[in-house]
Amino acid sequence: MANKIISPVKGTRDFYPENMAVRTWLYGHMRAASETFGYQEYDGPFLEPIALYAAKSGEELVKEQAFVFPDRGGDLITLRPELTPTLARMVAQRQGQLYFPLRWWSFGPFWRYERPQKGRAREFFQWNIDMIGVNSPEADAELAAVGAEFFRRVGLSPDEVQILVNNRRLMDAQLDALEIPAAQRKAVFRLIDRREKMSPSAWEAYAEEIGLSSAQLQGLKDLLGNANLWEQSEELVRFFEAAEALGAREYLRYAPEIIRGLDYYTGTVFEARDRGGEFRAILGGGRYDNLVADVGGKPLPGVGFAMGDMVITLVLQKYGRLPELNTQPAGILVTVFDADHLLEAYRLAAEVRRLGYPTAVYPEPAKLGKQFKYADRIGARIALIVGPDELAQNAVAIKDLRTREQTTVAREQLGEILRMRLESS
RNA sequence: GUGGCUGUAGCUCAAUGGCAGAGCACCUGACUGUGGAUCAGGAUGUUGUGGGUUCAAGUCCCAUCAGCCACCCCA
């Protein structure tokens, strides 16, 4: 038996009803946070040509981490590893008819060919939210505020999660001052990104390896130790002022070590972490001012972030913020007294549904005890019985599965009684 | 792509190289119009898969697959 079950594809997840309930719950809060700020829902194709990503997403992403396969005509197709390039294309295609600034959000599946581990699968769901057409620190702050709004809604406090913020232009200027040449910039960004993941000695050895002088290394260490560095960036000063006005300041903190991996970020970048530092980034995003032009449109600035479903779920679990979710839509189960009363049960179920209550009916005759047990196990609150006695009186027996009390009511009173029972608690 | 740990009943896990087991869950009955308790009984496995060593393998060896974890990388 067991050996005949075909394994699911590595790194995919089956969403049983209890898992699906969590996904739907997350989706609801993402929608609420997005719509509170006036963002519109959209989506793109799950399949894209590989060329869309080749331009700007970063080589690692396309070469090593995307699912790529030839279609029957021989063209290379990619299962989308991220949404931003699709968004850039969609905007570029209708650049003339869209009205800016554009505020769009989306939630859907993405694929990434990687070794699965904690907080990461090959198929995952991701919330994307972006504002296109404005280049201002205040727009950046609004996106961060949407992230903060989401955390607030799911019950995560600023003591538990924080959005760490930096700015690439600021870091570029600082690296200029240290006379670190442009050719070395990418390697140094990577070095910064790895600061907290390596031991201090290994980190310094790595710095030396990429060609930093000891003076440059000391300068870099000073930068990364300077929690007030943001005051030297007019963009970040305005960013934090706007975040304050938006009521999101308490979730934000300046962090000079935040760089982000994607090549297309040009200004402010941010990512959310749990304060224990236990998990990888909960969300990540920033400003990208060249992306629409890179896919063939006229230049348009943008800012946005993405949040995967897995890390946020781990964080919510850690802090006990995942609610008990009801996976049973039907509060009522109609029992089947015996084979002669099967259709009577079906008629009763139809009647109760017309009254507006989701109702399941036991699909075949069985011992009543078994049916009550089933009703209890699927999470129904009320069981209804129509046997010969009830039928003779044009009545229905109502059993409350929690209190175990049972009453018989006239058929025409059924709606009223059900309303009292189901809406009382 | 590299490394570590783990695969035994639906679930959680036992079994000094010597007859594959327990608890929970499940099914039946005690209870022919009533679920969670109790009691009695019952079913359940090619021990992930394929090889090898051995008189004998769940146990040792090799390979492979899967899950988890770390590295890599991160949307």
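Hey, what do the phi angles of segment A:182-189 turn into as Karplus ³J(HN,Hα) couplings, whole Hz, using 6.51/-1.76/1.60 and θ = phi - 60°, x for Gly and Pro?
So the Karplus estimates, Gly and Pro as x, are 4, 5, 8, 4, 5, 5, 6, 4 Hz.
Counting Lys +1, Arg +1, Asp -1, Glu -1, what net charge surrounds A:G44 among other residues with beta carbon under 11 Å of its beta carbon?
Working: positive: A:R80, A:R89; negative: A:D43, A:E48, A:E82.
Local net charge: -1.
Using a 1.4 angstrom probe and counting only protein chains, how large is the accessible area of A:W104 in Å², to 10?
30
What value, in deg cm²/dmol to 500, does the helix sum -39500 (n - 2.57) over DSSP H runs of n ≥ 4 give at 222 nm once divided by the residues of chain A? Walk me through the intermediate numbers first.
On the way: 16 runs with 166 residues, N = 425.
Value at 222 nm, helices only: -11500 deg cm²/dmol.
Is the C-alpha gyration tensor of segment A:106-161 telling us rounded, prolate or oblate? Criteria: a/c under 1.5 is rounded; beyond that, a/b larger than b/c is prolate, otherwise oblate.
Cα axes put segment A:106-161 in the oblate bin.
Given a cut-off of 20 Å, name the pairs among A:K10/A:K318; A:K367/A:K399; A:K197/A:K221 whose C-alpha atoms lie farther apart than that in the structure shown.
Pairs exceeding the cut-off: A:K10/A:K318.
What are the ³J(HN,Hα) couplings of segment A:215-224, residue after residue, when phi is run through the Karplus curve with 6.51, -1.76, 1.60 and θ = phi - 60°? Round to Hz, x for glycine and proline.
Using θ = phi - 60°, the values come out as 5, 5, 4, 5, x, 5, 4, 4, 4, 6 Hz.
Name the long-range amide H neighbours of A:F67: under 5 Å, sequence gap of 5 or more, or other chain; modelled H, no Pro or chain starts.
A:L79, A:Y113
At a 1.4 Å probe, what is the % contribution of carbon and sulfur to the accessible area of chain A? Before the final figure, lay out the partial values.
Working: 10610 of 21340 Å².
Accessible surface attributable to carbon and sulfur in chain A totals 50 percent.
Which value, in Å², gives the accessible area per residue of segment A:109-241 when a 1.4 Å probe is used on the protein heavy atoms? Provide the component values of the computation, followed by the final result.
On the way: 5980 Å² over 133 residues.
Here the per-residue accessible area is 45 Å².
With unit charges on the beta carbons (Lys and Arg positive, Asp and Glu negative) and the dipole taken about the Cα centre of chain A, which residue among A:I282, A:V396, A:Y251 sits farthest to the positive side?
Working it through, the farthest residue towards the positive pole turns out to be A:V396.
Using the crude model of +1 on Lys and Arg Cβ and -1 on Asp and Glu Cβ, and no other charge, please compute the dipole size for segment A:9-318 relative to its Cα centre, in debye to 20.
720
Return one number: the angle in degrees, 0 to 90 and rounded to the nearest 10, between the long axis of the Cα atoms of helix A:234-245 and the longest principal axis of the Cα atoms of chain A.
With both axes taken from Cα atoms, the answer is about 30 degrees.
What is the mean projected area of the alpha carbon convex hull for chain A, to one decimal in square nanometres?
Directional mean of the projected Cα hull area for chain A stands at 28.7 nm².
How high is the relative contact order of chain A, in percent, with contacts defined as C-alpha pairs under 8 Å that are six or more residues apart?
15
If you roll a 1.4 Å probe over the heavy atoms of the protein chains, what accessible area per residue do you get for segment A:332-423, in Å²?
Solvent-accessible surface per residue comes out at 56 Å².
The values are calculated or read from the model by the stated rules, or taken from the named source; none is laboratory data. Quick caveat: nothing in here was measured; it's all calculated off a predicted structure. Heads up, the Cβs are rebuilt from the backbone with ideal geometry, glycines too, and the neighbour counts pull from every protein chain shown. Note: accessible area is taken over every heavy atom of the protein model, side chains too, but ligands, DNA and RNA are not part of it. Shrake-Rupley method; radii C 1.70, N 1.55, O 1.52, S 1.80 Å.
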